Each structure stands twice: as C-alpha cells, then as structure tokens.
Amino acid sequence: MLIQRYEIFLKTSARTDMIDLTGQVQEKLDKSEITNGILLVFVPGATASLTTIEYESGVLNDLARAIERLAPEGINYEHDLRWGDGNGYSHVRAALLKPSLSVPVIDGRLTLGTWQQIVLLDFDNRPRERRILIQVIGEGN
Ligand code: ZN
C-alpha cells in the first residue's frame, strides 16, 4: 500500500467564496503512482469546508442562499460575544458542511460524476490564505 501527500495553496475572498478545485486535485492524482484507492481532501481551518456540487452559477447561488438560511450572517452568535471577530456564522457553516471529503480512485481516475466538482467553500469574513491537504492512499501499478 502507498500513501502520497500533496498540498494546494490558494487565496480566498471573504463571505462564502466558492472555488472549483477539481482540476488541481486531478493534477495531484495524475502525479501520484496510485491507481486504485481513496483520495482524501482536507482543509485545515475552522471556517472553511469542502463539498461537491455542479460548478454552475445558478446552483452556486442556490447553495449560498440555502447556507444563508441555515446560519444567517446578521444574527447574534455567542462566539462573537466571546471573541469579537464577528465570524460566528462562518464557524457554524463550516461545521455543518465539514472540512473534508474522500473520492474513490479507480484505474487512476477520480470517480466523480460528470457534473460533480470538488469545491472549497470559504465562509470567513475576511480573505484567507488556505492550505488544502490531499492524501492518496491505495495501490499502484
Ligand atoms: Zn472566530
């Protein structure tokens, strides 16, 4: 069994920035020698998440609105009273949407659906520099 590790660095803008990582993740998988196994993507940080969605402006807006209904920005959060950084809603959103996802790798390919992209959601209330960790675990040729 092999484990190979990669990183992606990127800058995000504030308030539910959505960035399609599919191409960059596929690039890392292409570099790895692993042909069958699991690819794990993880974002360290308490105000960002990873999900899959069709990267199309209509559904991205729909998702942003659904998230706004779940954890609205303009209400009181205990976190903000304690820390004063004003991003209680960002923490709640990130917890609900989770910091990682895994994708089966079969014959060297990510088994994503045709309209299913890997998307980073940055919920923080200020621009951030994010590090995305990728681990590919499995067997090679
Ligand atoms: Zn905070």
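Evaluate the following for T22: is it at pLDDT 95 or above and β-branched (V, I, T)?
yes
Listed residues R69, R5, R65, R15; which is of a type in the set (K, R) and at pLDDT below 95?
Exactly one residue qualifies, and that residue is R15.
The values are calculated or read from the model by the stated rules, or taken from the named source; none is laboratory data. It should be emphasised that the depicted structure is a prediction, and the values quoted were computed from it without experimental measurement.
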